[in-house]
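Data block below; observations after.
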């Protein structure tokens, strides 16, 4: 179980420090308040090395042209993890 979350510089989430989570945590808010970005950050930490990771992120956003987008993601992730 995840008890505490801190996110710094993930997409539009500038800084989120020591957010406590419980067995049931509700995430709510108006449109465009970064709820999905918060969930993507958590999935990114735990699911990154699974082969379907990129397809999962793409499917959440209903992106058309999956193969082109997948190649762009792979390129970006290679740059990130070379450092």
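So here's what we get for this one:
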{"read-out": "Single match in 27, 58 (criterion: in a helix (DSSP H, G or I), surrounded by 10 or more Cβ atoms within 10 Å (Cβ to Cβ) and either modelled with pLDDT of 85 or more or in contact with a helix residue (DSSP H, G or I) (Cβ under 7 Å, 6 or more places away or on another chain) (or both))", "value": "58"}
{"read-out": "Members of segment 9-36 found to be under 22 Å from residue 77 (Cβ atoms), free of Cβ contacts under 8 Å to residues at least 12 places away in the same chain and within 12 Å of the chain's Cα centre (by Cα), listed by number", "value": "9"}
{"read-out": "Test: residue in segment 66-82 that is assigned to a loop (DSSP other than H, G, I, E, B) and either in contact with a helix residue (DSSP H, G or I) (Cβ under 7 Å, 6 or more places away or on another chain) or modelled with pLDDT under 70 (or both)", "value": "no"}
{"read-out": "Criterion violated by residue 3 - all others in (1) surrounded by 13 or more Cβ atoms within 10 Å (Cβ to Cβ); (2) modelled with pLDDT of 85 or more satisfied", "value": "(1)"}
{"read-out": "Residue 40 vs. criteria at pLDDT 65 or above, assigned to a helix (DSSP H, G or I) and either more than 11 Å from the chain's Cα centre (by Cα) or more than 19 Å from residue 9 (Cα to Cα) (or both)", "value": "no"}
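The values are calculated or read from the model by the stated rules, or taken from the named source; none is laboratory data. Note that the structure is predicted; figures quoted are calculated from it, not measured. Neighbour counts are summed over all protein chains in view; Cβ atoms, including those assigned to glycine, are modelled from backbone coordinates with ideal geometry.
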